[in-house]
Every structure is written in structure tokens, then in C-alpha cells.
Amino acid sequence: MMLDQVVLLAAVTVLGLLEQAYFSLKVIYARRKHSVSPPATTGPPEFERVFRAQANCSEYFPLFVFSLWLAGIFFSQALAALFGLLYLYGRYLYFHGYAESAQGRLEPLYFSAKMLWVLIALAGAGVICTMTQVYLGLDLLHFFSHV
Amino acid sequence: MMLDQVVLLAAVTVLGLLEQAYFSLKVIYARRKHSVSPPATTGPPEFERVFRAQANCSEYFPLFVFSLWLAGIFFSQALAALFGLLYLYGRYLYFHGYAESAQGRLEPLYFSAKMLWVLIALAGAGVICTMTQVYLGLDLLHFFSHV
Amino acid sequence: MMLDQVVLLAAVTVLGLLEQAYFSLKVIYARRKHSVSPPATTGPPEFERVFRAQANCSEYFPLFVFSLWLAGIFFSQALAALFGLLYLYGRYLYFHGYAESAQGRLEPLYFSAKMLWVLIALAGAGVICTMTQVYLGLDLLHFFSHV
Ligand SMILES: N[C@@H](CCC(=O)N[C@@H](CS)C(=O)NCC(=O)O)C(=O)O
Ligand SMILES: N[C@@H](CCC(=O)N[C@@H](CS)C(=O)NCC(=O)O)C(=O)O
Ligand SMILES: N[C@@H](CCC(=O)N[C@@H](CS)C(=O)NCC(=O)O)C(=O)O
């Protein structure tokens, strides 16, 4: 494994880390604005939507990073990085949509969920191909290109 | 690092991602069924148990994946993959047990916690062996097999 | 990628896993002590502070591990491991400070947030250097050392 085979995945991950840090800062500002001091997590709906938006994005962030790297290493770095950027963009819209209204979270949620499914599918396909090669000696990609 | 040295870890991770996606869908259905619209996270106990079951599994998922990969890379891929599968099976039982009743979560929780401890122990042992080899020039495994 | 190039990162990660396991056990004890049975997450402030301290540390744990590894692989393993240890120490203080009082969480929070920013910055710098080398053929480190 050479660094150039994963550097795009690393770049998308760093962007994701910055996005998560940004969401956290937004929750801290919302806590101040609406006077919701820790350990409380409930308050006016405006606060709760920002709080939940960050919580939801945090919950999915590891799933996203794992899918990104598996798809990039076992399938294609360029494709994984592309869908990864789209996912992060979707999550940006999700956060701001949810902060506006509960309804506003839905469209970007569907979009980012689709991007995550694509990454998981690429990861799954790549892993299955590698397993058939390693354990059955069968090169599936080569096989299909000759059918 | 060759792909065949981690492909089983990758396969178990993809299964874990699918399991987490399944738990998320279950929360979405429970929100509809019990009419608990975001950003609310409280409602009838049936809903709260499903909600917390997914939250608890999500909280532990990164710990699980990190332990799995460290155990697999520094100790043994096959053993890590095996205990990883058992962990995911335990979490499946935990989710459904918790959805049934708070009591129902306990037995599978103990089981999956044990599997996680095994993975952390394998990771720790593997890392210590590698460190003594790299920094002290001592091959512990070789050493013990000659005592 | 050889194991000696990441073994310190692995060691810090295992310490982090043990720390998270310790925080989880603390929540379980607090649940017993204050009789807050799952799925409830609210109760006396003493319980809620312990509960939120663990939730907050869990939320940041994946961000920490991803930053640690990217900083260590793309910048410097020794520096990443050092700031990683400081982060984990800060989180230990955060947990116990927060358990004492909401105020008590603030100083260690600022400290561990700073350590996390350092790791993200090292990761970002390392990734940018590698990208300019891979895609532009420019060796930035070499370039600056000759200016
Ligand atoms: N933790 C999530 C799991 C499922 C999920 O991702 N739900 C989507 C669609 S209902 C969502 O936007 N949840 C809002 C939230 O987590 O606050 C939940 O409680 O809803
Ligand atoms: N976040 C967990 C941390 C500790 C933990 O994993 N507890 C186990 C045993 S009490 C559990 O099943 N918790 C239920 C839950 O998280 O809803 C909690 O709040 O309890
Ligand atoms: N989930 C966090 C996100 C932002 C954050 O990390 N906040 C710091 C400073 S206010 C904290 O210590 N939060 C306490 C907590 O999460 O319970 C929150 O709800 O506050």
C-alpha cells in the first residue's frame, strides 16, 4: 500500500473532520444562544434541531469513513473520493436544513443516504472480488470482461 | 500490507455496516409507528428501547471496528474475523432483545462485551509483541516457544 | 507500509479503547447508584453529567482516532502519538471534571480540543504535502528547506 493509493481518501476524511468540528461549534453557539447549559440536551425546538443534526451526523460519521476507505482500497480511490465528497456536501445541506425545520432535513438526508449506500456497495463489491481472487483463485473482473 | 492480509477484516466490517444500516432503518420505522417525529427522542417505552438500542450499538461500533482491525493486523486475521462475527451476532441479539424489553438486552450485552474484550486483548497483545520487537529487538513469540 | 511505521499509533489507539471502556463502566455504575434503568437517560444531575461525559467522549473518539492515524501516517508517527497521548489525558480530566460539575469540564475540554486541532492540522499538512508530490511532482518539504 503506497500513500498515493489512499491520499485522496485521506483528503476527503480531513474535510469530513473539519465538517464535524464545524457542526460541534454550531452546537456550542446554539447552547449559548438558547441558554441550554450541559448536561441538558433539551430546550427550545430551534436548539434541539441543531443538537440532533450534529448528533445524527456524528453517529453516521464513522460509518461514512469506514465505507469510504473500504470502497477506495478495494474498488476505486477516485470513485470513492467522489461519492465521499458528495456525501459530505449532502451532510452540510442536512445540517442546515434540519436547523431550519425538521422537514428541511429530509431531502438532503435521502441524498446523503444514497451516497452512503453507493460507498457500501462499492466496498462490498470490491471485497467480494478480492475474496474470490484470494480464496478461489478466480479473477471476477477479468472473467466478466471476457463473457 | 497486502489486501489478502486484511480482506476478512474488510468483509466483517462491511457486514457490520449493513447491520448498523439495518438498525437505523428500524429506528425510522419505530419513529413512524409510534409517531415520534424528530427532533424528539422520547416517547412510549417501546420506541425508546429501539432508539437506545441503535444509539448504544452506534456508540460501540467504532470501538468494535478499531479493535477488529488492530487485532487482525497485529495478532491474527482469522481469529479477529471470527470474534468479529460473534460480536456482530451478539449485537443483533442485543438489538432485538432490547426492543422486546430492557431485561432482554442484558444477556446478549454480556456476550458482545466479552467478544469486544477478546478483540481488545488480542490487539493489545499483538501491539506489545510488535513494540518489543521493533524497539527492543526481542521476538517474544519466538522466545516463549523456546522456554 | 510496515508495522513499525504505525505501531505507536496502534498503541495509543488501544489505550483510547481502554479509556472508552472505562468511561462506559462508569456510566453503568452511575446507572446502578442513581437507579436510572435503561432506556432512561435522564435522572439526577450527578447521573446526567456522567452520562453526557461518556456520550461526549464517545462522539469525539472516532474523530480522534482518524486524526491520529492520518497525522501519524502522513506527517510524523512520533508527534501524532505524543499529541494523541495528551488528548487521551485531557479526556480523562474532562470525564472526571464533568462528573464533578458542569463547570469542571471546561478547562480539560479546551485542552483536549487543542490537541485534536493539532492532530487535524498535522493530518491536513501531511495530506497536502503528499498530494502536491503525487499530483504536481513538487516536494514541498524539500522546497521550503532550500528557500
Ligand atoms: N438516530 C436516528 C436514526 C435513524 C435516522 O438516521 N433517522 C433520520 C430520518 S428520521 C433522521 O434524520 N433522524 C433525525 C435525528 O436523528 O434527530 C434517529 O433517531 O432518527
Ligand atoms: N451509553 C451507555 C453506556 C454504558 C452501556 O453500554 N450500558 C449498557 C448496560 S446498562 C446498556 O445496555 N445501556 C443501555 C443504553 O445505552 O440505552 C448507557 O447509557 O448505558
Ligand atoms: N454534543 C456536544 C457538541 C458540542 C460540544 O462538544 N460541547 C462541549 C462544550 S459546551 C461539551 O462539553 N458538551 C457537553 C455535552 O456534550 O454534554 C454538545 O451537546 O455540547
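The values are calculated or read from the model by the stated rules, or taken from the named source; none is laboratory data. Note that the coordinates shown come from a computational prediction; the quantities given were computed from them, not determined experimentally. Note that each Cβ is placed from the backbone with ideal geometry, even for glycine, and that neighbours are counted across all protein chains shown.
Just a few scattered comments:
- Qualifying residue in region A:55-64 (condition: more than 26 Å from C:Arg52 (Cβ to Cβ), within 14 Å of chain B (Cβ to nearest Cβ), hydroxyl-bearing (Ser, Thr, Tyr) and in a helix (DSSP H, G or I)): no
For (1) closer than 23 Å to A:Leu63 by Cβ; (2) not hydrophobic (A, V, I, L, M, F, W, C), each residue gets a yes or a no:
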| residue | (1), (2) |
| --- | --- |
| C:Leu18 | no, no |
| C:Ala21 | yes, no |
| C:Ser35 | no, yes |
| C:Ala40 | no, no |
| C:Glu48 | no, yes |
| C:Ala53 | no, no |
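- C:Ala102, sole failed condition from (1) within 24 Å of C:Thr13 (Cα to Cα); (2) of a type in the set (Gly, Ala, Ser); (3) touching a Lys or Arg at 6+ places or on another chain (Cβ under 9 Å): (1)
- Annotation: C:Ala123 fulfils all but one of (1) buried (at least 20 other Cβ atoms within 10 Å of the Cβ); (2) under 11 Å from the mean Cα position of the chain (by Cα); the unmet one is (2).
- So B:Leu86, is it farther than 22 Å from C:Leu15 by Cα and touching a Phe, Trp or Tyr at 6+ places or on another chain (Cβ under 9 Å): yes
- One residue from C:Val14, C:Val27 being more than 16 Å from ligand 3 (Cβ to nearest atom), hydrophobic (A, V, I, L, M, F, W, C) and either assigned to a helix (DSSP H, G or I) or more than 15 Å from B:Ile128 (Cβ to Cβ) (or both): C:Val14
- Taking the numbered list (1) in contact (Cβ under 8 Å) with a residue 40 or more places away in the chain; (2) within 16 Å of ligand 1 (Cβ to nearest atom) in turn, B:Gln77 passes all entries but (2).
- Among the numbered conditions (1) within 24 Å of A:Ala99 (Cβ to Cβ); (2) surrounded by fewer than 20 Cβ atoms within 10 Å (Cβ to Cβ), the only one that B:Glu46 does not meet is (1).
- Residue match in region A:38-61 (condition: within 18 Å of the chain's Cα centre (by Cα) and away from ligand 1 (no atom under 14 Å from the Cβ)): no
- Hits in region B:9-20 (condition: hydrophobic (A, V, I, L, M, F, W, C) and touching a Leu at 6+ places or on another chain (Cβ under 9 Å)): B:Leu9, B:Ala10, B:Val12, B:Val14, B:Leu15, B:Leu17
- Inside region B:101-113, residues that are within 12 Å of chain C (Cβ to nearest Cβ) and either within 16 Å of ligand 1 (Cβ to nearest atom) or of a type outside the set (Lys, Arg) (or both) make up a count of 8.
- Residue-level analysis places B:Leu68 among those that are in a helix (DSSP H, G or I), more than 10 Å from every other protein chain (Cβ to nearest Cβ), surrounded by 22 or more Cβ atoms within 10 Å (Cβ to Cβ) and within 11 Å of the chain's Cα centre (by Cα).
- Pairs with Cβ under 9 Å, 6+ apart, first in region B:33-57 and more than 13 Å from ligand 2 (Cβ to nearest atom), second at pLDDT below 95: none
- For region B:51-62, a residue qualifies if it is among the aliphatic types (A, V, I, L, M) and surrounded by fewer than 23 Cβ atoms within 10 Å (Cβ to Cβ), and exactly one does: B:Ala55.
- The residue that is nearest to the other protein chains (Cβ to nearest Cβ), counting only those in region B:18-34 that are of a type in the set (Ser, Thr, Tyr) and within 10 Å of ligand 1 (Cβ to nearest atom), is B:Ser24.
- Picking from residues in region C:1-17 that are more than 7 Å from every other protein chain (Cβ to nearest Cβ) and hydrophobic (A, V, I, L, M, F, W, C), the one that is surrounded by the most Cβ atoms within 10 Å (Cβ to Cβ) is C:Val12.
- Conditions (1) free of Cβ contacts under 8 Å to residues at least 60 places away in the same chain; (2) within 12 Å of ligand 2 (Cβ to nearest atom); number of the one not met by C:Lys26: (1)
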